[in-house]
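The values are calculated or read from the model by the stated rules, or taken from the named source; none is laboratory data. Bear in mind the structure is a predicted one, so any value in this text is a computation, not a measurement. Positions of Cβ are generated from backbone atoms using ideal geometry, with glycine treated the same way; all protein chains shown enter the neighbour counts. These accessible areas exclude ligands, DNA and RNA; they are computed on the full protein's heavy atoms, side chains included. Shrake-Rupley method; radii C 1.70, N 1.55, O 1.52, S 1.80 Å.
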Amino acid sequence: MARLVSSVDTSVEVEFHQFLVQDHDGPDAAVAVEPMPWEDNIVVGGVGGLRIYSSATDHSPSVRLELWDERAPDGLPGWQFGGEARFSVVGQRLRMWSLMGVHVDEDLLLPAVGDYAAVVYQQGREAAERLEEATFVSGVERWVIQIWPASAG
């Protein structure tokens with residue numbers, strides 16, 4: 001049975017509709033992860049981390065970043081599924097960043113370097129879509145990002 005190992009609860013600055021879950025110790029930046037069309041998944045992964053697509057820009061959503069020992073049970077009641085992605089890291093610290101380099105101070109510590117999988121859930125997407133540019137509000141949009149070693153399922 002899947003077990004939650006650790007988590008970080010914070011907020012992150014969204015710029016240009018995006019924020020990053022970045023390998024804080026590695027040389028590869030998640031911002032270099034290939035962008036995807038807006039109509040598709042709202043998460044994409046690659047070497048260095050994850051790129052997450054928000055429905056608004058210039059705001060600070062609440063984010064819960066979770067580390068699981070294996071894939072968490074599917075679905076979160078009251079949350080919308082946002083997508084899945086795989087990524088790789090050469091460090092063991094994940095940190096959330098804006099595209100312009102503003103980062104949160106708290107790291108999610110990983111058990112090892114290597115390949116990870118993630119599933120993303122969100123709330124408040126419709127309310128965030130109504131935000132005007134440069135509103136700089138907090139907490140309208142909310143995210144849960146569940147991460148686990150890719151080899152564990």
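Determine the gain in length on full extension of the stretch ASP9-TRP79; use 0.36 nm per residue of separation and subtract their C-alpha separation, reporting nm with one decimal. Mind showing how you got there, number by number?
Numbers: separation 70, 0.36 × 70 = 25.20 nm, distance 1.63 nm.
Computed gain between ASP9 and TRP79 is 23.6 nm.
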Grab the beta carbon distance between ASP105 and ASP69, set R0 = 25 Å, and tell me the FRET efficiency rounded to 0.05. 0.50
For the chain, the longest stretch holding no chymotrypsin sites (Phe, Trp or Tyr not before Pro) located in a DSSP loop with at most 13 other Cβ atoms within 10 Å is which? 39-135
Looking at the chain as a GNM with Cα springs under 10 Å, which of ALA30, ALA134, ALA72 has the largest mean-square fluctuation? ALA134
If you plug each phi of segment 140-146 into the Karplus form 6.51 cos²θ - 1.76 cosθ + 1.60 with θ = phi - 60°, what whole-Hz ³J(HN,Hα) values come out, in order, with x for Gly and Pro? 5, 9, 9, 9, 10, 10, 9
Separation of the ALA2 and GLU126 label points, Cα + 7 Å toward Cβ, nm: 2.6 nm
What distance in nm separates the simple spin-label points at ARG93 and ASP115, each placed 7 Å from Cα in the Cβ direction? 2.7 nm
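Divide by every residue of the chain the summed helix terms, -39500 (n - 2.57) for each DSSP H run of at least 4, and state the resulting mean residue ellipticity at 222 nm, rounded to the nearest 500 deg cm²/dmol. The partial results should precede the final answer.
Details: 1 runs with 5 residues, N = 153.
Rounded to the nearest 500, it is -500 deg cm²/dmol.
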What residue among ASP23, ASP74, ASP115 has the largest mean-square fluctuation in a Gaussian network model of the chain, using Cα springs under 10 Å? ASP74
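How much accessible area per residue does segment 50-153 have, counting only protein heavy atoms and a probe of 1.4 Å, in square angstrom? Spell out each step's value before the answer.
Working: 4680 Å² over 104 residues.
Result: 45 Å² of accessible area for each residue.
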Could you look at segment 1-111 and say what percent of its accessible area is carbon and sulfur, using a 1.4 Å probe and all protein chains? 53 percent
Take the chain, connect every pair of alpha-carbon atoms lying under 10 Å apart with a spring to form a Gaussian network, then pick out the residue of LEU20, LEU109, LEU94 with the largest mean-square fluctuation. LEU109
